[in-house]
Amino acid sequence: MPVFDYSAYDAAGKLVDGVVTADSERHARRLLKEKRLLPSKLSEVSQNPSNTNGRRRREARVNNFDLSLVLQQQAILIQSGLPLEDALRMTIEQAETDKQRRMVESWRSEIVEGRSFSEALRRSPYKIPEAVIAGIGVGEESGHLDRVLIRLAEDLENSAENRKTVTRALIYPATLIGTSIMVVAIMMVWVVPKITAIFNSSNRELPLITRIVIGLSEFTQAYGLYLLAVIVAGAMLFARMMKDPQRRERWHSMLLRVPGLGRWTIMANIADWSRSLGVLLNNGVPALAALKISSSVVNNLHLRRKMERVTESMRRGSSLQKALEENQVGSGFLIHMVGSGEASSELDKMLLRVADYYSLRLANAIEVFLKLINPVLIILMGMIILSVVAAVMLPIMDMNNMV
């Protein structure tokens with residue numbers, strides 16, 4: 001049943017926000033009227049990018065940290081003896097953000113209609129990872145929903161932290177380089193032409209560095225906007241090309257071969273896959289179903305295809321260790337730990353140790369990278385700025401010496 005996001009005025013004239021489940025927009029307005037709410041804004045929330053009329057809908061996405069926080073709250077409330085519906089209602093009342101409140105309201109509306117928690121998550125307009133839905137389904141069947149929720153929340157936090165670690169390593173260098181390019185562009189377009197105008201009347205030969213800077217300044221003034229347009233058009237074309245799964249898989253394969261970045265990507269994805277598979281197996285999800293779900297958490301499409309082939313090999317009767325070896329997934333450490341886990345019937349624990357190991361390696365590698373790259377970038381940007389300053393100051397000093 002569709003879910004509608006609304007803003008409405010209550011009897012006291014206060015603007016309230018929420019979600020309502022209804023067959024249609026007219027039905028949603030009638031339900032709000034029965035609650036004595038006057039809707040001012042009503043829009044359908046859907047995971048599908050377009051509706052039946054071909055118009056774009058807003059995609060309902062949820063941050064892993066927000067989802068982890070909500071799951072932890074549910075676990076604590078359920079452990080205290082509250083029924084699930086009451087726990088969800090209390091979470092709605094104490095939600096820190098409107099998005100969290102609307103997400104939990106969409107779950108509660110499904111549960112009120114008689115559906116299970118896992119089915120409510122699957123039908124929710126907010127995109128919930130399949131691993132979370134499967135784990136909660138097993139928790140409901142086993143009667144240990146609170147413990148499963150805590151484990152899933154920890155898994156989401158760790159996975160999000162891995163992605164945040166890689167992003168953090170790339171943001172600072174990109175920001176520093178982008179800021180430096182903007183500063184140099186401003187100097188080339190506005191500052192350098194005004195200062196070097198005084199050299200035009202001089203018949204003396206200018207230093208080489210000054211001639212280079214003046215040439216770059218003239219090029220930037222003449223073709224800078226065209227160059228910017230080409231860059232923007234190239235970025236838009238690249239984004240459009242990445243919508244094609246085959247092109248995106250080839251691009252992801254190329255990223256894995258980039259020194260440094262490729263190794264980080266492999267470690268982050270292997271850590272997420274190992275942790276997801278370990279948590280699912282520990283919660284009692286069947287091995288093949290857990291492998292299929294865990295493959296979906298791998299962001300790199302090239303690695304995901306390999307994980308899917310691993311799942312297919314397992315379906316044909318192969319062991320996980322052999323399937324990883326045949327598809328060349330991970331390092332010898334991963335394969336050895338998986339083999340030990342299968343031999344000792346503690347595969348879930350071994351996979352969680354693998355996840356912790358790769359997460360620690362990733363954090364250490366990025367910490368070393370940031371310590372090395374920061375001074376290098378600062379020196380490099382300083383040399384560029386110094387070159388521009390020297391190109392301006394050398395002719396001025398030469399003219400002063402003549403006087």
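Structural remarks
- Within the range 90-103, tally of residues that are in a helix (DSSP H, G or I) and over 22 Å from the mean Cα position of the chain (by Cα): 4
- Evaluating ASN158 against the criteria (1) exposed (fewer than 13 other Cβ atoms within 10 Å of the Cβ); (2) within 24 Å of ARG263 (Cβ to Cβ) leaves one unmet condition, (1).
- Close pairs (7 angstrom Cβ cut-off, 6 or more residues apart or separate chains): outside the structural domain of GLY284 (by TED's automatic domain parsing) in the range 119-131, aromatic (Phe, Trp, Tyr) and modelled with pLDDT of 80 or more anywhere: ALA120/TRP107; LEU121/TRP107; SER124/TRP107
- Members of the range 373-393 found to be surrounded by fewer than 15 Cβ atoms within 10 Å (Cβ to Cβ) and either under 25 Å from ALA160 (Cα atoms) or touching a Pro at 6+ places or on another chain (Cβ under 6 Å) (or both), listed by number: ASN374
- Which numbered condition PRO193 fails, given (1) more than 30 Å from VAL388 (Cα to Cα); (2) more than 41 Å from the chain's Cα centre (by Cα): (1)
- When residues of the range 237-265 are limited to those that are surrounded by fewer than 10 Cβ atoms within 10 Å (Cβ to Cβ) and more than 18 Å from the chain's Cα centre (by Cα), the one farthest from LYS164 (Cα to Cα): GLN246
- Selection of the range 271-320 for residues being under 16 Å from LEU347 (Cβ atoms), in contact (Cβ under 8 Å) with a residue 60 or more places away in the chain and not in a helix (DSSP H, G or I) yields ASN283, GLY284, VAL285.
- Filter result for the condition that a residue is touching a strand residue (DSSP E or B) at 6+ places or on another chain (Cβ under 8 Å) and not in a loop (DSSP other than H, G, I, E, B), over SER106, SER118, SER68: SER106
- Among the residues examined, GLY339 does not qualify as on the phi < 0 side of the Ramachandran plot, modelled with pLDDT under 85 and not aliphatic (A, V, I, L, M).
- In the range 121-150, of all residues being assigned to a loop (DSSP other than H, G, I, E, B) and surrounded by fewer than 18 Cβ atoms within 10 Å (Cβ to Cβ), the one that is farthest from the chain's Cα centre (by Cα) corresponds to GLY143.
- Conditions (1) closer than 23 Å to LYS164 by Cα; (2) under 22 Å from the mean Cα position of the chain (by Cα); (3) of a type outside the set (Val, Ile, Thr); (4) buried (at least 21 other Cβ atoms within 10 Å of the Cβ); number of the one not met by LEU291: (1)
- The residues in the range 348-372 that are under 21 Å from the mean Cα position of the chain (by Cα) and closer than 30 Å to LEU288 by Cα can be counted, and the count is 7.
- Within the span defined as the range 291-308, one or more residues are assigned by TED's automatic domain parsing to the domain that holds GLY262, at pLDDT below 85 and among the charged types (D, E, K, R).
- Scan of the range 94-105 for residues that are in contact (Cβ under 8 Å) with a residue 40 or more places away in the chain and more than 27 Å from VAL298 (Cα to Cα), ordered by number: ASP98, ARG101, ARG102, GLU105
Okay, residues lined up against (1) surrounded by 21 or more Cβ atoms within 10 Å (Cβ to Cβ); (2) of a type in the set (Phe, Trp, Tyr); (3) not in a helix (DSSP H, G or I); (4) not assigned by TED's automatic domain parsing to the domain that holds LEU256:
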residue	(1), (2), (3), (4)
GLY330	yes, no, yes, no
GLU342	no, no, no, no
LYS349	no, no, no, no
TYR358	yes, yes, no, no
ALA363	no, no, no, no
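- VAL104 vs. criteria at pLDDT 80 or above, surrounded by fewer than 19 Cβ atoms within 10 Å (Cβ to Cβ) and not aromatic (Phe, Trp, Tyr): no
- In the range 176-211, the residues that are at pLDDT 80 or above and exposed (fewer than 11 other Cβ atoms within 10 Å of the Cβ): GLY178, MET182, LEU208
The values are calculated or read from the model by the stated rules, or taken from the named source; none is laboratory data. As the structure is a computational prediction, the values presented were derived from the model and not from experiment. For neighbour counting, all protein chains shown are included, and Cβ atoms are generated from backbone atoms with ideal geometry for every residue, glycine included.
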